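Chemist: Structure in structure tokens, see below.
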Amino acid sequence: MSRNKGGSDKCACRLVKEVNQLKTVVNAQSKVLAKLVRQMKEGCKKKDEDEDGCTICGLNPCIKCLNPDVLYHLGLNTDTTDFPKVFGDVKFVCMGGTPGRMEAFAYYVMQEIGLKLNPATKLTDMAESGKRYGMFKVGPVLCASHGMGCPSISILLHELIKTMYHAKCKDPVFIRMGTCGGLGISPGTVVISSEAVSAKLEPVHEIIVHGNSVLHPSQLDEGLANEIKSCHDPCQDKFDVVIGRTMCAHDFYEGQSRLDGAFCEYTPDAKMAYLEQLQAQGVTNIEMESLAFAALTSRANIRSAVVCVAILNRLEGDQITTPHDILSGFDKRPATLVARYIRKVLYPVEDSDEASEAESEEGGGGAGDSKPPPPAEEEAE
Ligand code: R2B
Ligand code: URA
């Protein structure tokens, strides 16, 4: 009996010990659990705070430590410019090849969104001191020139994306407007890119980092492309708009299989075979910036679109022989669609009939116009 009692005491002791051990494990686990829940909550709070401020993501964490951050090619720095004050309201970043075209677009968009400038003043080139790019701001629209090719546009994009970040901009949309060579479409047709592909027809932008190839997807926002296309009015506009694949070349001549460059080591037949092969793969147009533009904007979580007018049909030739006045009419077409899109976003309930009256291509005072802004009473910026 006493042996039995001793045995059950031992058993009870062991049970108590095991229960205590279990309690310790459970306590430790609930502490870990509580810590994880706290971390999750803090993480979500931080995310909300980020979203309250800036929506630009995935940037270099070291930017925070740059004091000041010098945006060398824009001629701006965070010491001398109050970014949230100057750029905090930016909702649209519109880009195009030349400073002149972007200045004209800025005046055009100003008129289209109903902003006015004091007649005694003109828009200032905010990037003038950088001496590389032109940049003009009209209310929520920032207009910048990007030069030619991916290296040029990517320098600008690094600095513009940092501008949006420093300014804590919320959901800015980036749009590139430009010219392109069409494949099987008539000159004057506007192509909105569904995606940007490389000369190897891959939807990636390759950069060489530390001597190694790094590939970044070159996606564009399908919804934005459709929204811009929906701003086309086939009854009123004297041009077609299509959505298509865009091939981005790193050169205007050999990279686009032209026969009229200083050098050419292929035959006219090889050129035609190549262009027809591109067309068979769904390529509608060829230009020189979409890859870097698409890759850098998508890395930063920015919705973006490329809207280009074809200035020739590459299946019919290489040289651009279209007269200048016709070419400058072509330039206005992407600008017309983009300005309408901006207006539609800013004033969603606007009467669409009234809206379309002001926008006939020839009469609309489009982006190619170098006319001064209309007389006005109030300052826009
Ligand atoms: C279109 O036109 C330019 C070359 O003439 C280039 O910037 C491009 O993408
Ligand atoms: N821009 C290009 O890059 N290619 C063309 O053919 C026309 C404009």
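Chemist: Can you figure out the FRET efficiency of Asp79 with Ala199, using R₀ = 45 Å and their beta-carbon distance, to the nearest 0.05?
Modeler: That pair, Asp79 with Ala199, gives E of 0.60.
Chemist: Which trypsin sites (Lys or Arg not before Pro) does region 159-214 hold that lie in a coil by DSSP with at most 14 other beta carbons within 10 Å?
Modeler: When the trypsin sites (Lys or Arg not before Pro) of region 159-214 are filtered for loop state and at most 14 Cβ neighbours within 10 Å, Lys200 remain.
Chemist: Along the charge dipole of region 82-212, which of Ile153, Ala104, Gly182 sits closest to the positive end, that is, farthest toward it, with unit charges on the beta carbon of Lys, Arg, Asp and Glu (+1, +1, -1, -1)?
Modeler: Result: Ala104, furthest along the dipole toward the positive end.
Chemist: Counting other Cβ atoms within 10 Å, keep those with at most 14, restrict to DSSP loop, and tell me which GluC sites (Glu not before Pro) in region 242-285 are left.
Modeler: Numbers: sites: Glu254, Glu265, Glu276; in loops: Glu265.
Answer by residue number: Glu265.
Chemist: Measure out, as a whole number of angstrom, how far apart the alpha-carbon centroids of region 200-266 and region 282-308 sit.
Modeler: 7 Å
Chemist: Place a +1 charge on the Cβ of each Lys and Arg in region 105-214 and a -1 charge on the Cβ of each Asp and Glu, then give the dipole magnitude about the Cα centre in debye, rounded to the nearest 20.
Modeler: 360 debye
Chemist: Under a no-solvent Debye model with one identical scatterer per Cα of region 270-335, what's log10 I(q)/I(0) at q = 0.12 Å⁻¹?
Modeler: -0.45
Chemist: Amide H to amide H under 5 Å from Asn77: which residues, 5+ apart in sequence or cross-chain, H placed 1.01 Å off N in plane?
Modeler: Counting only residues 5 or more places away or on other chains, the set is Leu71.
Chemist: Quickly rank 304-313, 139-148, 224-233 as a protection proxy: mean count of other C-beta atoms within 10 Å, highest first.
Modeler: The densest-packed peptide leads the list: 304-313, 139-148, 224-233.
Chemist: Going by a ≥ b ≥ c, the root eigenvalues of the Cα gyration tensor, does region 123-267 fall in the rounded group (a/c under 1.5), the prolate group (a/b larger than b/c) or the oblate group?
Modeler: oblate
Bear in mind these aren't lab numbers, they're just calculated from the coordinates by the rules spelled out. Small disclaimer: the values here were computed from a predicted structure and weren't measured. We place every Cβ from the backbone using ideal geometry, glycine too, and count neighbours over all the protein chains shown.
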